[in-house]
Amino acid sequence: MNAPGPEMIDLMFEISGGTLPVAYHYALWRELIRLVPKLGEDESVGVVPLRTAESNEGMLLPKRAKLILRLPQTLAESVSCLAQRQMLVAGIEVQLGACKTRPIQHYPTLHAQLVTGVEDEIAFVSEVESALSAMGVRAKLICGQRRTLDDGDRSISGYSLVLHDLLPEDSLRVQYAGLGSDRRFGCGIFVPYKVISGLE
């Protein structure tokens, strides 16, 4: 088995607070690097999109919600200082709780909410296939809906994406490296996906 790349882990924090804007990703990253500037020095750091419930007011944080940072294992100790800190995200108070690390495990099917890329779906799929080939990864893929993150100041667009029939080492490689740009805003980060038929 070829090494999938530098060791990455998920650093998980309990999180609670009010209703965040739909495109909370930008404000969340600004607050994270304000509290831990070192996060902004490593391009491999990513923020896994929060599991939220959409409402008329924005994105609700459910009970037992988690803030998950995907980062090199070497950064974990210095970033764990975020535990029990209060954050201000787009003017909303958010409280972080306990912190724990979670090793990244291989799964045959992975999903990313948004992978950045060109607007044309056929060209996007071709770009993804080329990127996977360059990584030495073999996978089948299902392209989902086109999505945009727009907070009025910045806009990022791409497609949701499912990769399936992944070998264990390829699954780890994809989760470690991701696809596309803007990992810090939750883009191109893959997590386990169990039911292909549930793709939007």
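Loop-located GluC sites (Glu not before Pro) in segment 22-76 (DSSP state other than H, G, I, E, B) with a sparse environment of at most 11 neighbouring Cβ atoms within 10 Å: 43, 57.
Converting phi to 3J(HN,Hα) with the Karplus coefficients 6.51, -1.76 and 1.60 and the offset θ = phi - 60°, segment 157-173 yields 10, x, 10, 6, 8, 10, 10, 9, 6, 8, 6, x, 5, 6, 4, 5, 4 Hz in sequence order, with x at every glycine or proline. You can think of it this way: the chain between residue 93 and residue 74 has 3.9 nm of extra reach, that is 0.36 nm per residue less the Cα-Cα gap. Here the extension length gained between residue 126 and residue 53 equals 23.0 nm, from 0.36 nm per residue of separation less the Cα-Cα distance. For the chain, the longest principal axis of the C-alpha atoms and the axis of helix 121-135 are separated by about 90°.
Scan [x] 27; [y] 13; [z] 19 for the value of percent of Cα pairs over 30 Å apart calculated from this model and give just the label. Only one option fits the structure, namely [z]. Each residue of segment 92-103 is assigned a 3J(HN,Hα), and the resulting list reads 9, 6, 10, 10, 8, x, 5, 10, 8, 9, 9, x Hz, derived from the Karplus form 6.51 cos²θ - 1.76 cosθ + 1.60 (θ = phi - 60°), x at Gly and Pro. Once the convex hull of all Cα atoms in segment 1-115 is built, its volume per residue stands at 121 Å³.
Note on the chain: with charges restricted to the Cβ of Lys and Arg (+1) and Asp and Glu (-1), its dipole about the Cα centre is near 660 debye. With respect to the chain, whose longest principal axis is taken over its alpha-carbon atoms, helix 25-35 is tilted by about 60°. Spin-label pair residue 146-residue 164: with each label point 7 Å from Cα along the Cα-Cβ axis, the two points sit 2.5 nm from one another.
Among the aspartates and glutamates, select those whose C-alpha is under 13 Å from the C-alpha of residue 66, and discard any that sit fewer than 8 residues away in the same chain. By straight Cα distance, residue 66 reaches 10, 14. Rounded to the nearest 500, the helix-only mean residue ellipticity at 222 nm of the chain stands at -6000 deg cm²/dmol, with each DSSP H run of n ≥ 4 adding -39,500 (n - 2.57).
Every number here is computed from the coordinates shown, using simple stated rules; none is lab data. Computed from a prediction, not measured in an experiment: that's the story for all the values here. Heads up, the Cβs are rebuilt from the backbone with ideal geometry, glycines too, and the neighbour counts pull from every protein chain shown.
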